[in-house]
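The values are calculated or read from the model by the stated rules, or taken from the named source; none is laboratory data. Please read all numbers here as calculations on a predicted model, not as lab measurements. With ideal geometry, Cβ positions are generated from the backbone for all residues, glycine too; neighbour counts draw on all protein chains shown.
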Amino acid sequence: MSVPKKGDLTDTEKELLQVIAAGNVQEASRLLGSKDVKVNCLDEYGMTPLMHAAYKGKADMCKLLLQHGADVNCNEHEHGNSLFCTGKTEITWMMLDAGAETDAVNSVGRTAAQMAAFVGQHDCVTVINNFFSRARLDYYTKAQGLEKEPKLPPKLAGHLHKIIMSTNLNPVKVLELICEKCIKQQDMNEVLAMKMHYLSCVLQKCASFLKDRQDNLDSLIKSLLKGRDGDGFPVFQEKFIRECIRKFPYCDATLLQQLVRSIAPVEIGSDPSALSVLTQAITGQVGFMDADFCTTCGEKGAEKRCSICKMVIYCGQACQKLHWFSHKKVCKSLQEEREKHEAESAARLQKQAQADGDQPLEAVTGGMEELTVSQDETGSSSANQTVDVNSETDFVTAD
């Protein structure tokens, strides 16, 4: 079969591109079975059917084309555009798993990750920076050479791969997926090298606790969650993460130097925390702090608040119950602080209304009541949004 040329398409191949644009997977499957169709054919712009499917965000179509042998690295586009810049993390993952090259550059000298970052596709950047194929990990589940046993027990490979691919670096979340051993690749980039080192430190800390306490890791988890008096800031967790970064063995690494410059001048308990700086470095997302993260496990998208203080966020009752031993010491003070700020805000609004002379006091008061109701709707009055605490039993229930 001859090498495909730009624009040299059969009628069936032209029909395939139209079917891909329409998203008809069944019809595309039929056409791909035709002898008149080359899966890596090129249109007049040098784009393959896989590129068309990827740019249109058709994940099912991409999967079908890959099953028929589509080449993820076949790129004859005049601008060298990458398959990664689709805005769809599922497709980005699919291309990486199929062997797509991440270091290739386009016509303006940008790699896939750099181009995705340039156009604001930060989730795709995260996937590219943190990708580690399961096949590479499975290598260590088999005995090599004269080894009698593999370096990594096969039953642990799935859990370890999940940790490696995760971008949630909160120690508590890592502990949920704990494994006995972490690997390190010599050809790894700085981001993955730092991530592997951090996980290694977590595993070593766990091993140390298990050696001294033969039962479980409860005491370590509580140490990581325990907040200081006054504001509940997890001092031990902060010191632990700082120490992990300090022990990174590659002193000349640019990433290490950036982390040190960002963290070293910051007093413990102030922003940014070591966890937030490290997470930003790993994910490559500058604006990730705009989202709500669970106070206990760090999971993104937490939607429940403590019904007393309404100042801390959780992803569920289990996380709030785990954190309650520490939070209950500062819950009331946080509530008082919030109420104080609300009172000051109400006073400012009232003063402004009186100064303007065009808004009666009742209007200002009514506005604050609506604000309180709005807060309650995301707080104590909604079973879906709030976790209530029974301080006598340390048991948490939804309102």
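What to note about this one:
- Residue that is buried (at least 17 other Cβ atoms within 10 Å of the Cβ) and in contact (Cβ under 8 Å) with a residue 12 or more places away in the chain, where the choices are 260, 202, 235: 202
- Filter pass, residue 349 being of a type in the set (A, V, I, L, M), farther than 28 Å from residue 223 by Cβ, at pLDDT 85 or above and not assigned by TED's automatic domain parsing to the domain that holds residue 227: yes
- For region 205-232, a residue qualifies if it is outside any loop (DSSP other than H, G, I, E, B) and touching a residue at least 40 places away in the same chain (Cβ under 8 Å), and the qualifying residues are 220, 221, 222, 224, 225.
- Test result for residue 39, assigned to a helix (DSSP H, G or I) and more than 33 Å from the chain's Cα centre (by Cα): no
- Matching residues in region 241-285 - criterion: being aliphatic (A, V, I, L, M), part of a helix (DSSP H, G or I) and more than 17 Å from residue 298 (Cα to Cα): 245, 255, 256, 259, 260, 263
- Close contacts from region 298-319, counting a first residue that is part of a loop (DSSP other than H, G, I, E, B) and a second that is surrounded by fewer than 17 Cβ atoms within 10 Å (Cβ to Cβ) and polar (S, T, N, Q), with Cβ to Cβ under 6 Å and a gap of 6+ residues or different chains, come to 308/335; 309/335.
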